[in-house]
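First the structure, in the form of structure tokens, and then the observations on it.
The values are calculated or read from the model by the stated rules, or taken from the named source; none is laboratory data. Note that the structure is a prediction, hence the values are computed from the model and not measured. FYI the Cβ positions are ideal-geometry reconstructions off the backbone, even for glycines, and counts take in every protein chain you see. Protein only, heavy atoms only, side chains kept; ligands, DNA and RNA dropped before computing areas. Shrake-Rupley method; radii C 1.70, N 1.55, O 1.52, S 1.80 Å.
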Amino acid sequence: PFVIFLTAIQPLMLHTIGTTIGTNAVTFALSLSASFAVSRIIEQNLLTVDPGVVEAARACGARPVGILVGVVIPEALGPIILGYTFVFVAIVDMSAQAGLFGGGGLGDFAITYGSQRYNWPVVYITVATIIVIVQAGQFLGNWLARRALRR
């Protein structure tokens with residue numbers, strides 16, 4: 001889907017940054033795509049906070065900003081961290097696909113020095129590197145979420 005998204009927003013990229021290929025174009029597309037994902041994940045996780053907890057804080061006299069900062073965000077912090085972990089994995093995936101558009105990074109490296117030169121060990125090492133990065137991000141995100149959920 002990200003490659004299709006990159007193709008679909010080429011007129012917008014051309015109008016705003018003047019190019020449809022290269023690191024700047026891919027960075028623009030990644031930023032746009034990630035902003036949609038992050039906003040949706042934050043919204044969903046904030047809406048999952050139990051309304052009873054919010055109502056209890058309101059009954060105790062808390063103001064809206066106090067409810068947001070003192071109740072809603074701490075209650076949703078664990079799921080928000082897990083959501084950001086998902087976004088991290090998605091961005092690693094999208095940045096690897098960005099190599100098709102000259103975006104640089106591991107995807108471009110695997111295509112240029114591996115696939116196009118029939119150097120399959122380079123492709124396999126690149127894929128293994130991406131897997132290690134994703135697993136490290138998953139581990140860190142899960143660890144942080146577990147710590148945030150222990151109040």
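Some observations on this one:
- Residue among LEU144, VAL123, ALA25 farthest towards the positive dipole end of the chain, charges placed on Cβ: LEU144
- Looking at the range 49-151, the chymotrypsin sites (Phe, Trp or Tyr not before Pro) that sit in a DSSP loop and have at most 10 other Cβ atoms within 10 Å of their own Cβ are TYR118.
- Spherically averaged projected area of the convex hull of Cα atoms, the range 33-151: 8.5 nm².
- Calculated FRET efficiency for the pair ARG58/ASN24, C-beta based, R₀ 41 Å, to 0.05: 0.30
- Note that the range 64-81 has calculated 3J(HN,Hα) couplings of x, 5, x, 5, 5, 6, x, 10, 5, 5, x, 5, 9, 4, x, x, 5, 4 Hz, one per residue in order, obtained from phi through the Karplus relation 6.51 cos²θ - 1.76 cosθ + 1.60 (θ = phi - 60°); glycine and proline are x.
- Across the chain, the relative contact order, built from alpha-carbon pairs under 8 Å that are at least six residues apart, equals 25 percent.
- A straight chain from LEU144 to ILE4 at 0.36 nm per residue would run longer than the Cα-Cα distance by 47.1 nm.
- Computed [θ] at 222 nm, helices only, for the chain once each DSSP H run of length n ≥ 4 contributes -39500 (n - 2.57): -24000 deg cm²/dmol
- Between the beta carbons of TYR118 and ALA90, assuming R0 = 35 Å, the FRET efficiency works out to 0.70 to the nearest 0.05.
- Probing with 1.4 Å while keeping every protein chain in the model, the per residue accessible area of the chain equals 63 Å².
- Positive end of the dipole of the chain (Cβ unit charges, origin at the Cα centre): among GLN10, GLY61, ALA90, the Cα lying farthest that way belongs to GLY61.
- Computed from backbone phi, the HN-Hα couplings of the range 84-90 come to 5, 4, 4, 5, 4, 5, 5 Hz, rounded to whole numbers (Karplus: 6.51 cos²θ - 1.76 cosθ + 1.60, θ = phi - 60°; Gly and Pro given as x).
- Taking Cα centre as origin and charging only the Cβ of basic (Lys, Arg, +1) and acidic (Asp, Glu, -1) residues, the dipole magnitude of the chain rounds to 340 debye.
- Two-site FRET efficiency, THR129 against LEU47, from Cβ-Cβ distance with R₀ of 35 Å, rounded to 0.05: 0.45
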